[in-house]
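Below is one structure, written out as structure tokens, with a few remarks after it.
The values are calculated or read from the model by the stated rules, or taken from the named source; none is laboratory data. What you are looking at is a predicted structure, and each value in this text was computed from that prediction instead of being measured. Glycine also receives a Cβ, built like all others from the backbone with ideal geometry; neighbour counts cover every protein chain displayed. Please note that ligands, DNA and RNA were not included when accessible areas were found on the heavy atoms of the full protein model with its side chains. Shrake-Rupley method; radii C 1.70, N 1.55, O 1.52, S 1.80 Å.
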Amino acid sequence: MALKFISAEEAAALIHHDQNVGFSGFTHAGCPKVVPVALAKRAEEEHAKGNPFKIGMFTGASTGDTIDGSLARANAVKFRTPYQTNKDMRNAINNKQVHAPIDYFDMHLSQVAQEIRYGFLGGVDVAIIEACEVTEDGKIIPTAGVGITPTICRMAKTVIVELNSKVPARLRGIHDLYELQDPPKRRHINIFEVQGRVGLEYVKVDPSKIFVVETNEESEGGGFAPVDETTARIGENVANFFVSEMKNGRIPQTFLPVQSGVGNIANAVLGSMGINKDIPRFEVFTEVIQDAVLDMMREGKISFASGCSLTVSNEQLHQLYTDLDFFKNKMVLRPSEISNNPGLVRRLGVIGINTAIEVDIFGNVNSTHVMGNTMMNGIGGSGDFTRSSYISIFVTPSVAKNGDISCIVPKVTHEDHSEHSVKIIASEYGVADLRGKGPNQRAREIIEKCAHPDYRPMLHDYMTLQQNGHTPQSLYGCFSFHKAFLETGSMKNADLAQYKK
Ligand code: 0RQ
């Protein structure tokens, strides 16, 4: 049957107040760009007429400003899940704008598709998918990011495809699109190597529910901050740790697949692994394929990358499209329930590297909440990987905000990853190895290897507050660092003496 071509405004008119909308993509990569902007405009027009207009939002992870920014500014969002990074969306979530806050719930990315399927989150009325090709028999080929695309395409009553001519149709073949069956019918996933494939190169839907909007919008990929002294040292420390693990026979000479979180620090760690001559060629089994991965593939340091998205700068993306013949057989883009699948992570022996906001001296990690209450981005895929990794590593600078915040604290103000899952912590000062160590030893290791020297005596002092019990945690003094920051502007003013018996 012939495809139905419509304008972005006509597509927005298909979406109604209180409906749930699923968006393709993962980070800015693979997200629709023109329909969400038209939808935001429609919401503003309805609000001006005195009509309510808010949607529920399902995404793969964070999105571009055209989705999160436009819809948050238009006060068009009722609830949203999962990970987000947009300033306006974050402010709305943290109730820092005039209108009602957005109900945001933070989830492990590998679980979003299945929780939608299980019916835990409400149905999907409309899916908006960016594609580089759509056929009359209903085959949709995504662009640079996948996320929850197969699930929302199948479940939505209406599928709006943004057919983006900036993305070459030759991208077809890079994806491996597969949806898990739900229990009790779920079977094992037939992926035994990083490059294993189990799915199709397209998502197939009933063509009668497809509406196509043609676009030629650029991706929203910004560049990364240049590596600074701190991130470079964190990267070197992690790379040197890997070399010593190989020498000690704990990482095989052929190495193991690596997952690396999103952001400047993660990009710098990969960069350091690239220049370390003692680290052999390795594979990547990750969620976001960042700039450093593409550079290292060109240099031959990374042989294959499995991920959910090409979270790269526009410059890198254009170069990849130009060099598609080189990259296409070295890369696969999967839905987030496969790219981040904890079972596969454990099967393949993935080494997970993620970034913390703060870690405590016992090895618990806060990746999401500043001062325990303000949402930064969300847990993303860090939990999918951390719990199941061969070695789970958290990286963090020792201090934030010009040294007034220690990122190593007595107790984290929000806990995303527990001491049971976190094996290694690395800062610019060194690497704390928590494997096989109890709370007292772990605390000494973290303080001496990772904390900023200005905070080491205070952290050691904290350890003397509570001497009984298995974990020397003082319920009276555990937030004294945070309290000092809130009251005086610096954790350096924490007064531990008052809690001494
Ligand atoms: O603030 O932006 O005002 O300068 O946090 O910190 O050091 O620039 O690091 O960009 O890598 O982000 C954990 C947020 C780190 C990110 C987090 C302030 C700091 C700065 C950003 P400014 P940096 P990054 C992949 C997997 C989620 C979990 C994960 C993240 C800003 O990596 O969201 O890895 N991770 N998911 O000053 C107050 C502290 C602070 C602090 C840092 N202790 N207190 N502010 N900051 N530590 C994601 C996907 O799944 C797609």
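Tabulated values for the structure
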read-out: Meets criteria (within 8 Å of the ligand (Cβ to nearest atom) and open to solvent by less than 10 Å² (accessible area, probe 1.4 Å)) for T396; value: yes
read-out: Tally, over the range 70-117, of residues that are assigned to a loop (DSSP other than H, G, I, E, B), hydrophobic (A, V, I, L, M, F, W, C) and surrounded by fewer than 20 Cβ atoms within 10 Å (Cβ to Cβ); value: 4
read-out: So D404, is it near the ligand (Cβ under 8 Å from one of its atoms), touching a Gly at 6+ places or on another chain (Cβ under 7 Å) and in contact (Cβ under 8 Å) with a residue 40 or more places away in the chain; value: no
read-out: Among residues of the range 1-39, those that are among the hydrophobic types (A, V, I, L, M, F, W, C), surrounded by 23 or more Cβ atoms within 10 Å (Cβ to Cβ) and out of contact with any strand residue (DSSP E or B) (no Cβ under 7 Å at 6 or more places or on another chain), counted; value: 2
read-out: Selection count, the range 202-237, where residues are over 30 Å from E10 (Cα atoms), away from the ligand (no atom under 14 Å from the Cβ) and open to solvent by less than 50 Å² (accessible area, probe 1.4 Å); value: 1
read-out: Residues being charged (D, E, K, R) and either away from the ligand (no atom under 15 Å from the Cβ) or assigned to a loop (DSSP other than H, G, I, E, B) (or both) - total across the range 54-68; value: 2
read-out: So G343, is it outside any strand (DSSP E or B), under 21 Å from the mean Cα position of the chain (by Cα) and more than 10 Å from the ligand (Cβ to nearest atom); value: yes
read-out: Single residue of I351, I357 found to be away from the ligand (no atom under 12 Å from the Cβ) and either among the aliphatic types (A, V, I, L, M) or under 19 Å from the mean Cα position of the chain (by Cα) (or both); value: I351
read-out: Qualifying residues in the range 123-139 (those that are out of contact with any Lys or Arg (no Cβ under 7 Å at 6 or more places or on another chain) and in a loop (DSSP other than H, G, I, E, B)) - the one most open to solvent (accessible area, probe 1.4 Å); value: E136
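Let's see how each residue does on (1) modelled with pLDDT under 95; (2) within 28 Å of A38 (Cα to Cα); (3) among the acidic types (D, E); (4) assigned to a strand (DSSP E or B):
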{"position": "I141", "(1), (2), (3), (4)": "no, yes, no, yes"}
{"position": "V159", "(1), (2), (3), (4)": "no, yes, no, yes"}
{"position": "V167", "(1), (2), (3), (4)": "no, yes, no, no"}
{"position": "D182", "(1), (2), (3), (4)": "no, no, yes, no"}
{"position": "E193", "(1), (2), (3), (4)": "no, no, yes, no"}
{"position": "E218", "(1), (2), (3), (4)": "yes, yes, yes, no"}
{"position": "G221", "(1), (2), (3), (4)": "yes, yes, no, no"}
{"position": "R233", "(1), (2), (3), (4)": "no, no, no, no"}
